[in-house]
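Below you'll find the structure, written out as structure tokens, and then a few comments.
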Amino acid sequence: MSAAPVLEVRDLTVEFTTDRGTVRPVEGVDLTLRAGEMLGLVGESGSGKSVTSLAITGLTEHTGGRVVSGSVRLGDVEMLALTAKERAAVLGRDVGMVFQQPRRSLNPTMPVGHQIAETVRRHCGVSRREAWDRAVQMLERVRIPDAARRAREYPFSFSGGMAQRVMIAMALACEPKVLIADEPTTALDATVQATVMELLRELQHDLGVAVLLITHDLGVAWGRATEWRSCTAGRSSRRARSVTC
Ligand SMILES: Nc1ncnc2c1ncn2[C@@H]1O[C@H](COP(=O)(O)OP(=O)(O)OP(=O)(O)O)[C@@H](O)[C@H]1O
Ligand SMILES: [Mg+2]
């Protein structure tokens, strides 16, 4: 029997009002992500992938858009019905997020270990000491060499690939059920892309986290799909396609 869905999106439609009228880049999207699965959301640039991921995390209003219909269930919780405060508690604890520009997501004025520890303290409710230990462990887990020392360094001393591994460490530090990775390798060069994808696949497997992998690069998604023989293709929306790995 297949695992229970950790994320279930039904009939999701997002609207923006622009100078040229109303646009609906996301219309009637359905997605089901089960525990331990990796679901690739693939589509050309502008097809609505990021709008979908922001709607899933309940952040549409920050982009000036509106969710006009649909449901986003994270386990038993309806994300679209949460207040901003309730949502903030869920994000970070149950949902980790990784974006395209790791450097832009990191605070340049704070050592990376402190940034991870801060997130851990806020979302996992542990002591300062435990949060720091968890930060170092997670940096080791994403294979940052000499993690205890590197944890005290600032983002500028990390390469793009290392900065993305730091973001992955931060996103997974509270052992979320779901990781949403929006173009996690797009800003990286080809060899680094491969190592970051390998790491994501390994963590998905070892930690049992379900991953929604968003990419415009079919090679990234299908590259994974060929490696995992159990892949099946399905339709997720009129514009973007999904493939479960
Ligand atoms: N804040 C906004 N205001 C108006 N329209 C928007 C806004 N954000 C997104 N859109 C519309 O939604 C469409 C989809 O945008 P989205 O960022 O989801 O694309 P994407 O599939 O993630 O593309 P990429 O691969 O380039 O990241 C855009 O083409 C644009 O028309
Ligand atoms: Mg995008």
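The numbers here are math on the coordinates, done by the rules we state, and not lab data. Since this is a predicted model, take the numbers as computed values, not measurements. Cβ placement follows ideal geometry from the backbone for every residue including glycine, while neighbour counts extend to all protein chains displayed.
Under the shape rule built on the C-alpha gyration tensor, where the axes satisfy a ≥ b ≥ c, segment 73-134 is oblate, since a/c reaches at least 1.5 while a/b does not exceed b/c. Quick one: compute a quarter of the convex hull surface over the Cα atoms of the chain and quote it in nm². It is 13.6 nm². Sorted ascending by nearby beta carbons within 10 Å, beginning with the fewest, 114, 205 become 205, 114.
The stretch between residue 35 and residue 83, if pulled fully straight at 0.36 nm per residue, gains 14.7 nm over its current Cα-Cα span. Computed from backbone phi with θ = phi - 60° and the Karplus coefficients 6.51, -1.76 and 1.60, the 3J(HN,Hα) list for segment 123-140 is 9, 9, x, 10, 6, 4, 4, 5, 5, 5, 4, 5, 4, 5, 4, 5, 5, 5 Hz; x is used for glycine and proline. Cβ crowding within 10 Å ranks 215, 52, 57 as 57, 215, 52, fewest other Cβ atoms first.
Helix content alone sets the calculated 222 nm mean residue ellipticity of the chain: runs of n ≥ 4 DSSP H residues at -39500 (n - 2.57) each, divided across all residues, give -11000 deg cm²/dmol.
The distance linking segment 148-176 with segment 96-129 is 8 Å (Cα centroid to Cα centroid, whole angstrom).
A crude spin-label estimate for the pair residue 17 and residue 110, with each label 7 Å from Cα along the Cβ direction, gives 3.6 nm. Summarised as an ellipsoid, segment 103-175 has semi-axes of 17, 12, 11 Å, derived from the eigenvalues of the Cα gyration tensor scaled by 5 and square-rooted, with the largest first. Amide H contacts of residue 34 (H built 1.01 Å from N, in plane; Pro and chain starts excluded): 6 sit under 5 Å, all sequence-distant by 5 or more or on other chains. The HN-Hα couplings worked out from phi for segment 72-78 by the Karplus form 6.51 cos²θ - 1.76 cosθ + 1.60 (θ = phi - 60°) are 10, 9, 9, x, 8, 9, 8 Hz, whole numbers, x standing for Gly and Pro.
Under 5 Å from the amide H of residue 59 lies no amide H of any residue 5 or more positions distant or on a separate chain, with H modelled from the backbone and absent for Pro and chain starts.
Working ranking of peptides 62-70, 181-189 by packing, defined as the average number of other Cβ atoms within 10 Å per residue, highest first, is 181-189, 62-70. Which ³J(HN,Hα) values, rounded to whole Hz and listed in residue order, are derived for segment 195-204 from phi using the Karplus coefficients 6.51, -1.76 and 1.60 in 6.51 cos²θ - 1.76 cosθ + 1.60 with θ = phi - 60°, glycine and proline given as x? These are the phi-based 3J(HN,Hα) values: 5, 5, 5, 4, 4, 4, 5, 5, 5, 4 Hz.
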